[in-house]
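Asks: To start, I am sharing the structure in question, which I have written as structure tokens.
The values are calculated or read from the model by the stated rules, or taken from the named source; none is laboratory data. Remember, it's a predicted structure, so these values are computed and weren't measured experimentally. A quick note on method: Cβ atoms are made from the backbone with ideal geometry, for glycine too, and the neighbour counts reach across all protein chains shown. Note: accessible area is taken over every heavy atom of the protein model, side chains too, but ligands, DNA and RNA are not part of it. Shrake-Rupley method; radii C 1.70, N 1.55, O 1.52, S 1.80 Å.
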Amino acid sequence: MKRGLMALAGALAILMTQSAGAQTLRWSAPGDAVSFDPNAQLDSFTQNIQLMVYDTLVRRNRKLEIEPGLATSWQIVEPTRWRFKLRPGVKFHDGEPFTADDIVATVMRTIDPDSRNKGNLATVVKAEKVDDLTVDIVLSGPYPLLLNDLTGIFVMSKSWLEKNNAMKPGNTSTGVTTFASTHANGTGPFKLESYAPDSKTVMTVNEGWWDKPEHNLKRIEFRPIKSDATRVAALLSGEIDMISSVPLQDVARVTGTQGFKVVEDPSLRLIFLGFNWKPELYADPGKKNPLLDVKVRQALWHAVDLDAIQKRIMRGKSRNTGTMVAPPVPGYLADIDKPLAYDTALSKKLLTEAGYPNGFKTGLSCTNDRYIADEQLCLAIAGMWTKAGIQVDVKTESKATYFPRQDRGELDVWMLGWATLPQMDGFSVLSGIFASRKDGYGGSNAGGMAIPALDDLARKTAVELDEGKRRAMMGEAFKIAKDQALFIPLHQQPLAWAMRSNVDMPQFPDEYVRPWFAKVN
Amino acid sequence: MIASIGSRLGQAVLVMLAVTAIAFVMFRYVGDPVAMMSREDASPAEKAELRASLGLDRPAIVQYGEFLGRTLKGDLGISFRNQRPVVDLLAERLPATLELVIVATILSLAVGVPVGVYCALKPDGALTRAIQTISLVGISMPTFVTGIGLILIFAVTLRWLPSFGRGDVVQIGGWSTGFLTRSGWASLLLPSITLALYQLTLIMRLVRAEMIDVLSSDYIRFAKARGLPPRYINFRLALRNALMPVVTVTGLQIGSLIAFAIVTETVFQWPGMGLLFIQAVSFADVPVMAAYLLFVGFLFVVINMVVDLTYTLIDPRLRTRRA
Amino acid sequence: MSLAAPKLPATRRRRLQMPVSVMIGLAVVVLMLAVALLAPWIAPTDPTNVASFDLMSAELPPAFMPDGDPAHWLGTDNQGRDLFSAILYGMRVSIAIGGGAVLVAASLGVVLGLLAGYFGGWVDIVIMRVGDVILSLPTILLALLVSGIARAVFPEAGTAQWAPVILIGAIAIHEWVQYARTVRAATMVEASKDYVRAARVIGLPPLHIMVRHILPNVMSPVMVIATINLAAAVLTEATLSFLGVGMPPTYPSLGTLIRIGNEFVFSGIWWIAVFPAVTLVVLVLAVNVVGDWLRDRFNPKLKGR
């Protein structure tokens, strides 16, 4: 009661014309939806926002397991043909009924050559209507992860697309921007009322949603705030009910303030260090690349004091890891999930054995605006390695300049975060990071690493339909990575959201905000 | 007269050409939109295809030519980040920045002019000394420090004012205004004070200097000798004359204010063009950055020209000198 | 000064005396310059040495607070660096970059202004038009662009060795125009005077005339502008570093320290931001006080502006 009064007083003082109604959720995050067109961007936060308006054929439940969404059941008719039974009686926000035609339109729009996220359905050739509530999705070959992919394909309305002349996806290069960039018509739990980029996005509840709502919201107001300090200030001053991603150093302050709480969990996003596999290092040209020696890589690993990082920089909120995927992800093996121990003596010994008793010179590069405390992390590791006798040329920069450089393989030791999204499967690590750059594999293996065994495993898991065998193969790949110290996994990023005490918002390791599970009391 | 206007116009076009060239050629090398736009695990072929489809694989000069042609047609391209026409984005953000800049300007004039006049009339007063010193603090405080300090005091501790954003806005045609709601005004206060602080100091010092100049001029001495009332001398004669350069400088400073709004808008999450620009910088969103630079350059040229022409019209002596 | 005072009219006497505030300002400037110069010998630790980072002693409060460590009297930052040392070094960096930018801008501006004013014609047109274009972009925007672009094109631009060079360039590229305009105007006045005409007639080379006869006469406004600009340049550097395109955290300037500290202002670890911010404001304020007085002192026409 007292808290309510305080909130009321705060709201009055701020001269808000709109008082904080019990069923309105006002929340904030550093990013914003860059567009409402599902096929015009690849931004995971944007897709998170869109998922409040759009439904998918299959969706993730509270445990992030795949469950029926707009499709009620499915079967594999042939290895390359999946048949989906659609949910009857579903209506789009504009009142039009949902049918197989909408799925065909959605799939074709997604795999359109001008679609930006066509890679998310890379194996899909086409969709065919069987009857009004049955649809076939045709693949180019056997593929185990179609359902995973479909959790990220937002179902749009064919008639709405036609009516608004938005059948072609928005795309910078073709110069197409559509009605769908700023408007949305899905079947999802909330309707888009207004969208002002970097300012305010308003959604209202979809009373006609096909599923039984587990939330009690009438209205969602999303107001992005890029600056960490300002975002926390907005929460504490009562202008916002919840912020996703509260800076770790502010957690204590927020929990210490009457009427607020912080919920935290390890996220799927795993931060690791990768290496340059070229003959020479950029930091020390003309000499043999020491990182090619497994002992050197292990020495670097042993020289990282993960516990100190966990305790100090991550304030006890992160989870240290020894392998390249997080526990909920298929392919994870608990028995290799133990980091090499922090042991400077052993590190020295390994370096001496490798022929570098006096250390060597290497670069270490990180972003300073992408991951949680990335700059601090990088500097701390540089300090630790320097103490181990290695000359570290440490550099932190904005993601805008870092990622192109990382992508071109211009860095010696580099930091990357990987969440395996949207598939949420270890295959994403095998195909994107472990395999060498060839035939569409190794998109993020920029350091030039080429391990034949890993290339082989990546290609085999891609077509293996037996889940047991597939997981075993992925496990094997992760073991190789660990034994050879191909990467230094650091930790799973913590996920920390702060909210008023009366907000009940469940958290998910994929970092998605799912307000259809939220309660404002 | 016409020749003078013509040559000014020619110069303006030249300046604009240079600005566009700088904008484009330099932006061509800031970051790589392809890496930002690709999926986390995009294949190299996928990226090459995207690069080609954006036309980024062609020579810079060809790209500049196209850019210029499109710009002249009023087409500033499509934002890499938002996938929407840059013109729309700028048009959406323009009201926020302009309202902020206008309020900051009015604020700085409303405080700066009276204080400046006071300091000129009482040059040796203790209060004048104090004001002079405080005004130096004003120009010695970085904008971001001021902004964060104000948020800490007025939003977090006292909870009097909102810490971010524009509050509720009302759409009038294509213009979104925060002037018509209470929350709009409340939100405007802290950012505009932050932005006005530097400007205020400048205006105050300028008014003081001009007033002292004018007050020591012959015709004021004559006026005093004739026994005209001091109020009439100070405000009707002296202040009027002292204000002309003040108005000019204030006008010329508007461009700087818009640029300084980048910092203010970042601290207060003010959804204006500066915020758009900073976000474009971190996304390497070339079309938006180019358009912003173009806009600021254009504004400068226009303001300069207007000021120049006004002077030429008012002061005949300058006509011959210019020509 | 008191001896000469009675002979001077009142207004002129005011100009010559140094008010207490200016004396304090000058003392602060001198002290800060000395400290910045001697930082490597005064500072207890070397904050630029990566090996001195120690997470276990990170975020210690200042010595006067309950949990403070007497070894770190202003506390430690988020990497466990001694904040006092970091501020001393940061001041050194800020002053070096601000001073460097002023030096470069002034030299460039004086040379170009002399050339433009002396030769006139197309030299004048080219230099002044380039200046116009540059002035059509605000300092902060231009500096943001230059350092941002340098970073994208030149991978080393963000390193401790190169960042100062880039920053100096980014700030100076805008500021030289002011000097050039002033010097050009003064040169045009001087060049039309009889003694310069005479020098020309007797066939003295232009370089000799410019350096020997014109330059000394245009130096005093240049000095005044330079002092005022020093304060502005230090602030611009701080803003760029705050926005993340300035000095790297391994070799921080005051702006970098404030940027790092800003992330902690709400968490109760206020000292990481507050001490560098106070230092910056005091430094800039002191320079401004002195510069302001110099302007009045040497250039009555600009008084008070």
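Asks: Would you mind stating whether A:P404 is more than 10 Å from chain C (Cβ to nearest Cβ) and without any contact (Cβ under 8 Å) to a residue 40 or more places away in the chain?
Replies: Taking the combined requirement at face value, the residue does not satisfy it.
Asks: Next question, about the same structure. Collect the residues in segment A:101-124 that are more than 22 Å from the chain's Cα centre (by Cα), of a type outside the set (A, V, I, L, M) and buried (at least 22 other Cβ atoms within 10 Å of the Cβ), keeping them in residue-number order.
Replies: Within segment A:101-124, A:D102, A:T106, A:R109 qualify.
Asks: Taking A:K482, is it touching a residue at least 24 places away in the same chain (Cβ under 8 Å), more than 14 Å from chain B (Cβ to nearest Cβ) and not hydrophobic (A, V, I, L, M, F, W, C)?
Replies: When the stated conditions are applied, A:K482 passes them.
Asks: Considering A:A40, A:A20, A:A11, which residue is surrounded by fewer than 19 Cβ atoms within 10 Å (Cβ to Cβ) and either modelled with pLDDT under 90 or of a type in the set (S, T, Y) (or both)?
Replies: Answer to the check: A:A11.
Asks: What's the total number of residues in segment A:253-284 that are more than 16 Å from the chain's Cα centre (by Cα) and more than 29 Å from A:N502 (Cβ to Cβ)?
Replies: Looking only at that region, the number is 12.
Asks: May I ask you to list the residues in segment B:151-160 that are on the phi < 0 side of the Ramachandran plot and either facing chain C (nearest Cβ under 10 Å) or surrounded by fewer than 23 Cβ atoms within 10 Å (Cβ to Cβ) (or both)?
Replies: B:I151, B:L152, B:I153, B:F154, B:V156, B:T157, B:L158, B:W160
Asks: Assuming C:V289 fulfils every condition listed in (1) under 30 Å from C:A150 (Cβ atoms); (2) assigned to a helix (DSSP H, G or I); (3) of a type outside the set (F, W, Y); (4) within 12 Å of chain B (Cβ to nearest Cβ) apart from one, which condition is it?
Replies: It fails just one condition, (1).
Asks: Also: Filter segment B:43-74 for residues that are facing chain A (nearest Cβ under 9 Å) and touching a residue at least 12 places away in the same chain (Cβ under 8 Å) and give the result.
Replies: Within segment B:43-74, B:K47, B:L50, B:L54 qualify.
Asks: In segment C:225-259, what residues are within 18 Å of C:V28 (Cβ to Cβ) and not small (G, A, S)?
Replies: C:T227, C:I228, C:L230, C:V234, C:L235, C:L254
Asks: Show the residue pairs meeting these rules: Cβ distance below 6 Å; 6+ apart or different chains; first residue within segment B:97-109 and of a type in the set (S, T, Y); second residue open to solvent by less than 50 Å² (accessible area, probe 1.4 Å).
Replies: B:T97/B:A261; B:T97/B:G272; B:T97/B:M273; B:S108/B:A196; B:S108/B:Q199; B:S108/B:L200; B:S108/B:I203
Asks: I'm told A:I225 meets every condition in (1) open to solvent by 10 Å² or more (accessible area, probe 1.4 Å); (2) within 14 Å of chain C (Cβ to nearest Cβ); (3) assigned to a loop (DSSP other than H, G, I, E, B) except one. Can you identify the failing condition by its number?
Replies: Here A:I225 meets the rest and fails (1).
Asks: Being in a loop (DSSP other than H, G, I, E, B), within 13 Å of another protein chain (Cβ to nearest Cβ) and among the polar types (S, T, N, Q) is the filter here; which residues of segment A:145-174 pass it?
Replies: If the condition is that a residue be in a loop (DSSP other than H, G, I, E, B), within 13 Å of another protein chain (Cβ to nearest Cβ) and among the polar types (S, T, N, Q), then A:T172, A:S173, A:T174 are the ones that fit.
Asks: Name the one entry in C:V183, C:V165, C:V196, C:V218 that is among the aliphatic types (A, V, I, L, M) and open to solvent by 20 Å² or more (accessible area, probe 1.4 Å).
Replies: Result of the check over C:V183, C:V165, C:V196, C:V218: C:V165.
Asks: For segment A:428-469, what are the residues that are over 24 Å from A:N289 (Cα atoms) and either acidic (D, E) or part of a loop (DSSP other than H, G, I, E, B) (or both)?
Replies: Scanning segment A:428-469 gives A:D439, A:G440, A:D456, A:E464, A:L465, A:D466, A:E467.
Asks: I'd like the full set of residues that are in a loop (DSSP other than H, G, I, E, B), farther than 19 Å from A:I433 by Cβ and open to solvent by 50 Å² or more (accessible area, probe 1.4 Å), limited to segment A:270-303.
Replies: Of everything in segment A:270-303, those that are in a loop (DSSP other than H, G, I, E, B), farther than 19 Å from A:I433 by Cβ and open to solvent by 50 Å² or more (accessible area, probe 1.4 Å) turn out to be A:P279, A:E280, A:Y282, A:P285, A:G286, A:K287, A:K288.
Asks: Considering only residues that are part of a loop (DSSP other than H, G, I, E, B) and in contact with a strand residue (DSSP E or B) (Cβ under 7 Å, 6 or more places away or on another chain), which ones fall in segment A:255-269?
Replies: A:G259
Asks: Enumerate the pairs (first residue in segment C:130-152 and closer than 12 Å to B:A18 by Cα and within 8 Å of chain B (Cβ to nearest Cβ); second residue anywhere and assigned to a loop (DSSP other than H, G, I, E, B) and at pLDDT below 80) with beta-carbon separation below 7 Å, excluding pairs fewer than 6 apart on the same chain, so at least 6 apart or on different chains.
Replies: Matching pairs, first to second residue: none at all.
Asks: Can you find, within segment C:226-274, the residue that is surrounded by the fewest Cβ atoms within 10 Å (Cβ to Cβ) among those that are within 10 Å of chain A (Cβ to nearest Cβ) and aromatic (F, W, Y)?
Replies: By that ranking, first place goes to C:F264.
Asks: Six or more apart or on different chains, Cβ under 6 Å: which pairs go from a residue in segment A:433-444 that's at the interface with chain B (Cβ under 8 Å from one of its Cβ atoms) and farther than 15 Å from A:F487 by Cα to one that's modelled with pLDDT of 85 or more and open to solvent by less than 50 Å² (accessible area, probe 1.4 Å)? Could you list them?
Replies: So the pair list comes out as A:R437/A:N445; A:Y441/A:S431; A:Y441/A:A435; A:Y441/A:A458; A:G443/A:G432.
Asks: Could you give me the residue pairs with C-beta distances under 7 Å whose first residue belongs to segment B:77-93 and is more than 7 Å from chain A (Cβ to nearest Cβ), whose second residue is part of a loop (DSSP other than H, G, I, E, B) and among the polar types (S, T, N, Q) wherever it lies, and which are 6+ apart or on separate chains?
Replies: Matching pairs, first to second residue: B:V86/B:S79; B:L89/B:S79; B:L89/B:N82.
Asks: Counting just the residues of segment B:105-142 that are small (G, A, S) and over 25 Å from B:G251 (Cα atoms), which one comes out nearest to the chain's Cα centre (by Cα)?
Replies: B:A130
Asks: Suppose we keep only residues that are farther than 22 Å from C:R81 by Cα and in a helix (DSSP H, G or I) within segment A:350-401. Which one would you say is most open to solvent (accessible area, probe 1.4 Å)?
Replies: Result: A:E353.
Asks: Out of curiosity, is A:D425 of a type in the set (D, E, K, R) and either buried (at least 24 other Cβ atoms within 10 Å of the Cβ) or not in a helix (DSSP H, G or I) (or both)?
Replies: When the stated conditions are applied, A:D425 passes them.
Asks: B:Q199 is checked against (1) open to solvent by 20 Å² or more (accessible area, probe 1.4 Å); (2) in contact (Cβ under 8 Å) with a residue 60 or more places away in the chain and fails just one. What number does that condition carry?
Replies: Condition (1) is where B:Q199 drops out.
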